[in-house]
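One structure is given here, and the rest of the page talks about it.
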Amino acid sequence: MKIAVCVSHVPDTAAKINIGSDGISIDPSGVTYVVNPYDEFAIEEALKSKEKFGGETVAISLGGDANKETLRKALAMGIDNAVLLKDSGYRDSLSVSKALAEEIKAQGAELVFFGKQSVDFDNSVVGQLTAELLGYNCISVAVSFVLDGNKIICEREIEGGKEVVETNLPAVITAQKGLNEPRYASLKGIMAAKKKEIIEKIPAAATNYVEVLTMKKPASKQAGKIIGTDASAVPELIRLLREEAKVI
Amino acid sequence: MNKFTGVDYFNVESLLAEDEIMVRNSVREFVDDRIIPIIEKHYREEKFPHHLVKELGKLGLFGITLPQKYGCAEMNNVSYGLVMQELERGDSGIRSFVSVQTSLVMYPIFTFGSEEQKDYWLPQLASGEKIGCFGLTEPDFGSNPGGMITHAEKVNGGYKINGAKMWITNGTIADVAVVWGKLDGEVRGFLIEKGTKGFTAPEMKGKHSLKASVTSELIFQDVFIPEKNILPGSKGLKSPLMCLNQARYGIAWGVVGSMMACYDSALNYAKSRIQFSKPIAAYQMTQEKLVYILTEITKAQFINLQLGRLKDKGEVKHTQVSMAKRNNCEKALETARIAREILGANGILDEYPIMRHSQNLESVKTYEGTHEMHTLIIGEDITGYAAFD
Ligand SMILES: Cc1cc2nc3c(=O)[nH]c(=O)nc-3n(C[C@H](O)[C@H](O)[C@H](O)COP(=O)(O)OP(=O)(O)OC[C@H]3O[C@@H](n4cnc5c(N)ncnc54)[C@H](O)[C@@H]3O)c2cc1C
């Protein structure tokens, strides 16, 4: 079985983000980029699936040359092949999904893992859109995954609990934290990845239905207020929470 | 606590290859997830975190420059250095464990061992299934190991060993000890397995430093080992000194990790601790301290990288390794103490990593050749006069 995992290259969540001079993109200077954290769960599940059922794994990423770093990490973790869909221009989620779907089809992958969302733009739809474009089944926000023949059973995280769902291959699964414990790239894995080639392809041009008009930074936090340091401050604290903050 | 994102004022990273950066990042993640959350407790209780050994093996951190056919990663020395640096940001004890296993056990078996010894031991040591230790220092012979009393006697089918070693990292938990002793007056290496009759390895307690690392005595009373357990290629004191040279290289890198941990902790603290209406980071004297620490880190980073590049080209001199070990350990200990001052009273608590690093560095400055011994080694090199015999 061919297993694909789609990975995005995103600013480290610890990074301080500034808006670029065009006002509609992130200024990448001084920002460390990493594998999208949810995609690490997707990579791990792809590797575990291969270890159990055999087959071949491929990591796919859409973006510029910088995305090779993320693909290289997927290879170092143990993914067999990597494809870079090279396009660093703006794409909305549907346009990203179209490019990925085309490549997944070309790869003949029946089982596809995504992270449940990419922590850069947080649209949380690319996995589902890709499934629809491919005509695959889709389970999102999975915290467990079991494949038995053609049948897939997953637990999904829902508000206040879990839901157990079943579907069949071919399918797209989007990974939530808790699905597994992603492995570290071992030194041997890193050496092996050095010898693997990242295949570059040019995806079909984008047609966007959503445009970014402007980016804004969140309003800076107001300084905190200390109203006292012992129990005598409690009545005033309650008054402020009720009247000013209006949270109780 | 803020996520640690490295200390790199001069963009030294731009001088690293992609795979070297990946190695550093992978070990950094491991240290954040697996070492830092548990280390203070282990340190306080004087316990080595044994459960990490197999994980370190899985990551490929033992014997990383050795050939793949023994299950090793076969990486360059700069990668080895980066691994040491990242591990020591966690704790010098964990770094010491990996240093000993890699440079003082796998390296001598690889360099002086028979094919049979290499095939048997190296893969098991690489995976962490087996643990090794290195016995050179004796109660009465530290800086001058050449005077060692431990000796071997040729007997039918093998050797009989008598003597004692002290200060041996991993001794009590080791499956195999690489032991240096005199055979007919010449220093030779022997592999002595745990459980061999007459061999005991009691743990030394009461350390105020490297408390998350096991330190032991090794005692040999008429220990018989078979002929096949001598390291055939070992010849004279030069052999253990070659091992020390490998380990010292790793230490020079390692201590930069503790410097980074102390700097990071002190910088964050200085920015948030308010005295006299301002963060203490806003006062000139605190700034001077932080600038001094950062400058020493930066200098040590350049020394290490150039040392590693020379080593990878096979051009490094042991006196250069001595200089790196000497300088970096001294500066690491000095800057750890400065960092502790920045935290005031909080600096002595184990809520922060500084005091632990500072205590660890007392050992690190002493083992693998004291500061003074490295001074004498370099002194002899540049003047032509040996100030020791
Ligand atoms: C935690 C820990 C772990 C260790 N692990 C190991 C291990 O795994 N294997 C191993 O074999 N050893 C190990 N050691 C031992 C270590 O290598 C020795 O402690 C070190 O070599 C110094 O020897 P010493 O302690 O006997 O000091 P000494 O040699 O007695 O030195 C005492 C002082 O005298 C100074 N001095 C000595 N000679 C001169 C001179 N000619 N001129 C000027 N000053 C001089 C020294 O610099 C030092 O300041 C470990 C030590 C520690 C603390």
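Miscellaneous remarks
- Within the stretch B:143-172, residues that are open to solvent by 20 Å² or more (accessible area, probe 1.4 Å) and in a strand (DSSP E or B) have Cβ atoms under 7 Å from residues that are at pLDDT below 95 and away from the ligand (no atom under 16 Å from the Cβ) in no pair, counting only partners at least 6 apart in sequence or on another chain.
- Within the stretch B:358-389, the set of residues being more than 6 Å from the ligand (Cβ to nearest atom), among the aromatic types (F, W, Y) and either open to solvent by less than 70 Å² (accessible area, probe 1.4 Å) or under 30 Å from B:I94 (Cα atoms) (or both) is empty.
- The set of residues in the stretch B:117-156 that are of a type in the set (D, E, K, R), within 24 Å of the chain's Cα centre (by Cα) and more than 16 Å from the ligand (Cβ to nearest atom) comprises B:K118, B:E129, B:K130.
- With respect to (1) within 14 Å of chain A (Cβ to nearest Cβ); (2) surrounded by fewer than 23 Cβ atoms within 10 Å (Cβ to Cβ); (3) polar (S, T, N, Q); (4) not in a loop (DSSP other than H, G, I, E, B), the lone exception for B:T65 is condition (4).
- In a residue-by-residue description of the stretch B:194-214, the property of being within 15 Å of the ligand (Cβ to nearest atom), open to solvent by less than 10 Å² (accessible area, probe 1.4 Å) and within 26 Å of B:K238 (Cβ to Cβ) applies to no position.
Yes or no, residue by residue, for (1) within 27 Å of B:L136 (Cα to Cα); (2) within 16 Å of the ligand (Cβ to nearest atom):
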{"site": "B:M22", "(1), (2)": "no, no"}
{"site": "B:Y43", "(1), (2)": "yes, yes"}
{"site": "B:I64", "(1), (2)": "yes, no"}
{"site": "B:Y107", "(1), (2)": "yes, yes"}
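- For the stretch A:187-197, the count of residues that are surrounded by 15 or more Cβ atoms within 10 Å (Cβ to Cβ) and touching a strand residue (DSSP E or B) at 6+ places or on another chain (Cβ under 8 Å) is nonzero.
- Applying the condition of being among the aromatic types (F, W, Y) and open to solvent by 40 Å² or more (accessible area, probe 1.4 Å) to the stretch B:1-56 and asking which residue is nearest to the other protein chains (Cβ to nearest Cβ) yields B:Y9.
- Single residue of A:V146, A:V141, A:V126, A:V164 found to be under 24 Å from A:V34 (Cβ atoms), away from every other protein chain (no Cβ under 14 Å) and surrounded by fewer than 23 Cβ atoms within 10 Å (Cβ to Cβ): A:V141
- Set B:Q320, B:Q306: member being within 23 Å of B:I21 (Cα to Cα), open to solvent by 20 Å² or more (accessible area, probe 1.4 Å) and without any contact (Cβ under 8 Å) to a residue 24 or more places away in the chain: B:Q306
- Filtered by the rule that a residue be within 14 Å of chain B (Cβ to nearest Cβ) and over 9 Å from the mean Cα position of the chain (by Cα), the stretch A:25-46 gives A:S29, A:G30, A:V31, A:T32, A:Y33, A:V34, A:I43, A:E44.
- Beta carbons closer than 8 Å, at least 6 apart along the sequence or on distinct chains, pair a first residue in the stretch B:378-389 that is in a loop (DSSP other than H, G, I, E, B) with a second that is among the aliphatic types (A, V, I, L, M) for B:A386/B:L376; B:A387/B:L376; B:F388/B:M373; B:F388/B:L376.
- Where A:S118 falls short, out of the listed (1) surrounded by 14 or more Cβ atoms within 10 Å (Cβ to Cβ); (2) within 14 Å of chain B (Cβ to nearest Cβ): (2)
- A residue that is more than 14 Å from every other protein chain (Cβ to nearest Cβ), in contact (Cβ under 8 Å) with a residue 24 or more places away in the chain and open to solvent by 100 Å² or more (accessible area, probe 1.4 Å) can be found somewhere in the stretch A:199-210.
- The condition (being aromatic (F, W, Y), surrounded by fewer than 24 Cβ atoms within 10 Å (Cβ to Cβ) and over 15 Å from the mean Cα position of the chain (by Cα)) is satisfied by just one residue among B:F220, B:F224: B:F224.
- Flag set for A:L213, criterion: more than 14 Å from chain B (Cβ to nearest Cβ), open to solvent by 70 Å² or more (accessible area, probe 1.4 Å), over 30 Å from A:I79 (Cβ atoms) and over 20 Å from the mean Cα position of the chain (by Cα).
- Boolean, B:V31 is farther than 19 Å from B:R356 by Cα, in a helix (DSSP H, G or I) and of a type in the set (V, I, T): no
- Restricting the first member to the stretch B:86-110 and to residues that are away from every other protein chain (no Cβ under 14 Å) and farther than 22 Å from B:Q124 by Cβ, and the second to residues that are in a helix (DSSP H, G or I) and within 14 Å of the ligand (Cβ to nearest atom), the beta-carbon pairs closer than 6 Å and six or more apart or on different chains are B:E88/B:R95; B:E88/B:G254; B:S92/B:N360; B:S92/B:V364.
- Residues that are under 16 Å from the mean Cα position of the chain (by Cα), closer than 28 Å to A:K217 by Cα and within 14 Å of chain B (Cβ to nearest Cβ) do occur in the stretch A:70-86.
The values are calculated or read from the model by the stated rules, or taken from the named source; none is laboratory data. Here the structure is a predicted model, which is why all the values come from computation and not from measurement. All Cβ positions, even for glycine, are placed from backbone atoms using ideal geometry, and neighbour counts span all protein chains on display. With ligands, DNA and RNA removed, areas are computed over all heavy atoms of the protein, side chains included. Shrake-Rupley method; radii C 1.70, N 1.55, O 1.52, S 1.80 Å.
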